[in-house]
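A.B. asks: Below are the structure tokens for one structure; questions will follow.
The values are calculated or read from the model by the stated rules, or taken from the named source; none is laboratory data. Bear in mind the structure is a predicted one, so any value in this text is a computation, not a measurement. Virtual Cβ from ideal backbone geometry, glycine too; neighbours counted across all protein chains shown.
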Amino acid sequence: MRKVFHFFILLVTAVFTTLTIPAVSGSQVLINEFLADPARDWDGDGVTNFRDDEWIEIINGGEAAVDLDGLYLADGDGEIVWRYGFTGSLAPGAVRIVFGSDSRVWEEANGYPIYGLSLNNAGDRLSLYRVSGTDTLLVDSYVYEDMAADDDRSVGRDERHLGTWVIFDAYNPCSERCVPAGAGCIPTPGQTNGCITSTRLESWGSIKRIYID
Ligand SMILES: [Ca+2]
Ligand SMILES: [Ca+2]
Ligand SMILES: [Ca+2]
């Protein structure tokens with residue numbers, strides 16, 4: 001009888017522990033990386049522009065393909081203003097990048113004010129929503145501070161631990177204390193967030209071929 005009682009206690013403890021472990025997110029699709037203060041030509045159009053060269057990347061962290069129709073990006077608090085609407089589908093583990101120039105074209109086509117992604121360099125909130133029928137659900141959200149938005153620093157999830165965020169600061173090292181911490185890696189637009197720390201042998205042209213083509 002005592003053994004049965006102990007088993008019951010263990011079972012209740014296990015169930016309770018399982019229920020109280022916080023998940024990274026209830027969604028398969030997450031904000032994966034973003035760059036708010038571009039100082040180079042990230043979208044590859046030959047011009048460096050504070051609006052068009054910002055970017056946000058999302059990832060499908062689940063094990064099934066996800067329909068992206070109905071997913072929207074927004075920034076800031078208060079009234080929601082859509083900055084970009086996704087289409088198509090995203091395979092498991094795959095990422096999708098949106099540059100400020102993509103956002104500008106989308107805003108123009110859909111009759112919204114043309115601000116691009118509008119990622120404030122002094123800090124901001126970026127949010128990913130899913131609109132389904134009359135419901136607007138917050139899927140993922142991230143708030144960053146000023147230091148995370150200095151020239152050519154991106155902020156992204158550690159690909160080995162999606163709940164951990166780091167600053168990809170190889171182009172503009174965090175000499176001060178950064179939040180989240182600087183990882184010494186180059187930003188990875190359009191690719192999963194692996195860490196390449198050496199940029200000495202890579203010209204920007206070759207980096208662009210790896211990440212944007
Ligand atoms: Ca900006
Ligand atoms: Ca550009
Ligand atoms: Ca990336």
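A.B. asks: For a quick check of your reading: which strands (runs of 3 or more DSSP E) sit entirely within segment 124-184 and have at least 1 residues that are farther than 22 Å from VAL95 by Cα and in contact (Cβ under 8 Å) with a residue 24 or more places away in the chain?
C.D. replies: 135-145
For (1) at pLDDT below 95; (2) out of contact with any His (no Cβ under 9 Å at 6 or more places or on another chain); (3) within 16 Å of ligand 3 (Cβ to nearest atom); (4) over 20 Å from VAL139 (Cβ atoms), each residue gets a yes or a no:
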residue	(1), (2), (3), (4)
HIS6	yes, yes, no, yes
ALA14	yes, yes, no, yes
SER27	yes, yes, no, no
ASN32	no, yes, yes, no
ALA65	no, yes, no, no
GLY85	no, yes, no, no
LEU90	no, yes, yes, no
GLY116	no, yes, no, yes
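A.B. asks: If ARG83 passes every condition in (1) basic (Lys, Arg); (2) within 16 Å of ligand 2 (Cβ to nearest atom); (3) within 15 Å of the chain's Cα centre (by Cα) but one, which one does it miss?
C.D. replies: Condition (2) is where ARG83 drops out.
A.B. asks: Do you know which residues across segment 45-65 are under 20 Å from ILE114 (Cα atoms), in contact (Cβ under 8 Å) with a residue 12 or more places away in the chain and either of a type in the set (Gly, Ala, Ser) or part of a loop (DSSP other than H, G, I, E, B) (or both)?
C.D. replies: ASP45, ASN49, PHE50, ARG51, ASP52, ASP53, GLU54
A.B. asks: Also, quick follow-up: Are any of the residues in segment 51-58 closer than 23 Å to GLU159 by Cβ, out of contact with any Gly (no Cβ under 8 Å at 6 or more places or on another chain) and not aromatic (Phe, Trp, Tyr)?
C.D. replies: The answer is yes; a qualifying residue exists.
A.B. asks: Yes or no: VAL155 closer than 19 Å to ALA39 by Cβ, more than 16 Å from ligand 2 (Cβ to nearest atom) and either acidic (Asp, Glu) or modelled with pLDDT of 95 or more (or both)?
C.D. replies: Yes.
A.B. asks: Could I ask something else about it? Kindly establish whether SER101 is under 19 Å from GLY190 (Cα atoms) and out of contact with any strand residue (DSSP E or B) (no Cβ under 8 Å at 6 or more places or on another chain).
C.D. replies: yes
A.B. asks: Among (1) of a type in the set (S, T, N, Q); (2) within 16 Å of ligand 1 (Cβ to nearest atom); (3) modelled with pLDDT under 95, which single condition is SER175 missing?
C.D. replies: With (1) of a type in the set (S, T, N, Q); (2) within 16 Å of ligand 1 (Cβ to nearest atom); (3) modelled with pLDDT under 95 applied to SER175, the lone miss is (2).
A.B. asks: Report, by residue number, each residue of segment 29-40 that is part of a loop (DSSP other than H, G, I, E, B) and either within 10 Å of ligand 1 (Cβ to nearest atom) or free of Cβ contacts under 8 Å to residues at least 60 places away in the same chain (or both).
C.D. replies: Scanning segment 29-40 gives ALA36, ASP37, PRO38.
Residues checked against (1) surrounded by fewer than 21 Cβ atoms within 10 Å (Cβ to Cβ); (2) within 17 Å of GLN28 (Cβ to Cβ):
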site	(1), (2)
LEU117	no, no
ASN120	yes, no
LEU128	no, yes
THR134	yes, no
VAL139	yes, yes
MET147	yes, no
ASP152	yes, no
ARG157	no, yes
VAL166	no, no
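A.B. asks: Kindly check whether there is at least one residue in segment 74-83 that is surrounded by fewer than 20 Cβ atoms within 10 Å (Cβ to Cβ), among the acidic types (Asp, Glu) and under 21 Å from THR48 (Cα atoms).
C.D. replies: The answer is no, given that none of the residues of segment 74-83 is surrounded by fewer than 20 Cβ atoms within 10 Å (Cβ to Cβ), among the acidic types (Asp, Glu) and under 21 Å from THR48 (Cα atoms).
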